Amino acid sequence: MISEKEAIRRLKGVSQTRLRLWVKRGWVTPTETDAGFHFREIDLARLELIRQLNTDMSVNNEAIPIVLSLIDQIHGLRYELKTLARAVEAQHEDIQGAILRACDAARTLSEDDR
Amino acid sequence: MSNNPYDLLGVKSTATDKEIKAAYRKLAKELHPDLNPGDAKAEERFKAISGAYAILGDKDQRARFDRSEIDETGKEKPEQQYYRNYAGAGPETHYYTSDAFGDFGDESDLFSELFRRARSEESARGRGFKGPIRGQDVHYQLKVDFLDAARGAKKRITMPDGSALDVSVPAGIRDGQSIRLKGKGAPGFNNGPNGDAYVKIEISPHRLYRREGRDILIDLPISLDEAVLGAKISVPTIHGKVNMAIPAGASSGQTLRLKDKGIAAGKSGTDGDQLVRIKVVLPKKIDPELKEFMEKWRGENAYSVRQELEGAL
């Protein structure tokens, strides 16, 4: 667990005010304790991402939560997709074959709908 | 005890090289083990400030440390770990969201089952002070009698708090199947959607009907005369009474089919039939007249029925 002080030190160029603002906006969600905020490594990585979006890529404050939300949604999808793929992989090859053929059929169908 | 070299030397991170050198010298004089023979911890503490000065006393090292390229021991810090390296862990992380496929559960009950695990894990953890949280799913068990399950029925589950849940039991539902009621689970938080209710169906057996696939099976007892002469018999089905013609010479075990009198197929497939299995029942008491006739009849009309058994044993 990383303290607020340590987090600021590791994030070059982010003041305590700015950090607390980002937390308030919900862009990053550290754990609140009696001794202040506790950041995990993932929170630090997310803060660094926010900093780079803001400073290096000139993404403005309105757009940053949109970008973060989209990135998180993508990660959610990637995870579930991987899970599903692994589940299929664990099946007997006959079932795998049936699933792959059903995928092809489903793709062809949706193309026809266009 | 802080590992930060600035803290160890007791100087601000903005201190000049001169200030740092002075701070080190002062501490070295105080903490050098040889100048403190009675202090067992002296070595440890001296090592700490020496290490700190090794970084901060050297212009290059200090610069690299300030840029976070090296840590307080002079080791190279690993390159930045990008967010994606952490986010791939899925629901373990508190930023995981199933929002991108929250509607997949609407496609079918299988989709709902596949993806509800993801959604319930996410809502169970909560998202700190972020936005809406989906409510928990709730599970119920409903006992349904055979006929209601076969024909479909509207059922009502009453909660302990007095509120009720209306469940439409589809015709042909099987024992152990679950019905999903969208949005009838626990309420969400922060304007999040309600969870779903899952109602597991337990079907009580019927004293007459049995089910096999979409067909209904029933045993039909007929009397000796009905078997010999044939008859028109009123037979119960799940759809009401049906008049059935029993052919003359019907034997026990024979199965007659009443088409489309089984479980309706709904949108897909064909309706089931009712299969009626004949059971010939002799009179409880054989009267002397019948007995006498039989003995006479046997003399000329005996017929074999146990051919199959011959040869066995």
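The values are calculated or read from the model by the stated rules, or taken from the named source; none is laboratory data. In this text, all values refer to a predicted model and were calculated from it rather than measured experimentally. So basically every Cβ, Gly included, is an ideal-geometry build from the backbone, and we count neighbours across all protein chains shown. Side chains included, ligands, DNA and RNA excluded: accessible areas come from the protein's heavy atoms. Shrake-Rupley method; radii C 1.70, N 1.55, O 1.52, S 1.80 Å.
What the table shows:
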| quantity | calculated |
| --- | --- |
| Relative contact order (%) - criterion: Cα under 8 Å, at least six apart; region: chain A | 19 percent |
| Surface share of carbon and sulfur [accessible, 1.4 angstrom probe, percent] for the stretch B:238-313 | 52 percent |
| Local net charge near B:E212, Cβ-Cβ under 12 Å (Lys/Arg +1, Asp/Glu -1) | +3 |
| Proximal lysines relative to B:K12, as straight alpha-carbon distance under 18 Å, when same-chain residues fewer than 8 apart are discounted | A:K5, A:K12, B:K21, B:K26, B:K59 |
| Net charge dipole size for the protein assembly as shown [Lys, Arg +1 and Asp, Glu -1 on Cβ; Debye, nearest 20] | 940 debye |
| Listed residue (B:V242, B:P221, B:P193) projecting farthest to the positive dipole end of the stretch B:184-258, Cβ model | B:P193 |
| Net dipole in debye of chain B [+1 Lys, Arg Cβ; -1 Asp, Glu Cβ; about Cα centre; nearest 20] | 620 debye |
| Cα gyration tensor shape for chain A, rounded if a/c is under 1.5, else prolate or oblate | prolate |
| GluC sites (Glu not before Pro), loop per DSSP, at most 13 other Cβ atoms within 10 Å - longest free stretch of chain B | B:108-309 |
| Charge sum, other residues only, whose C-beta stays under 12 Å from B:T255's C-beta, Lys/Arg counted +1 and Asp/Glu -1 | -1 |
| Interface size B-A, as summed buried accessible area [1.4 Å probe, Å², nearest 100] | 2400 Å² |
| Complex-versus-alone comparison for the stretch A:68-82, residues with a loss of 40 Å² or more in accessible area, probe 1.4 Å | A:D72, A:Q73, A:H75, A:L77, A:Y79, A:E80 |
| Debye, to nearest 20: dipole size of chain A, +1 on Lys, Arg Cβ, -1 on Asp, Glu Cβ | 720 debye |
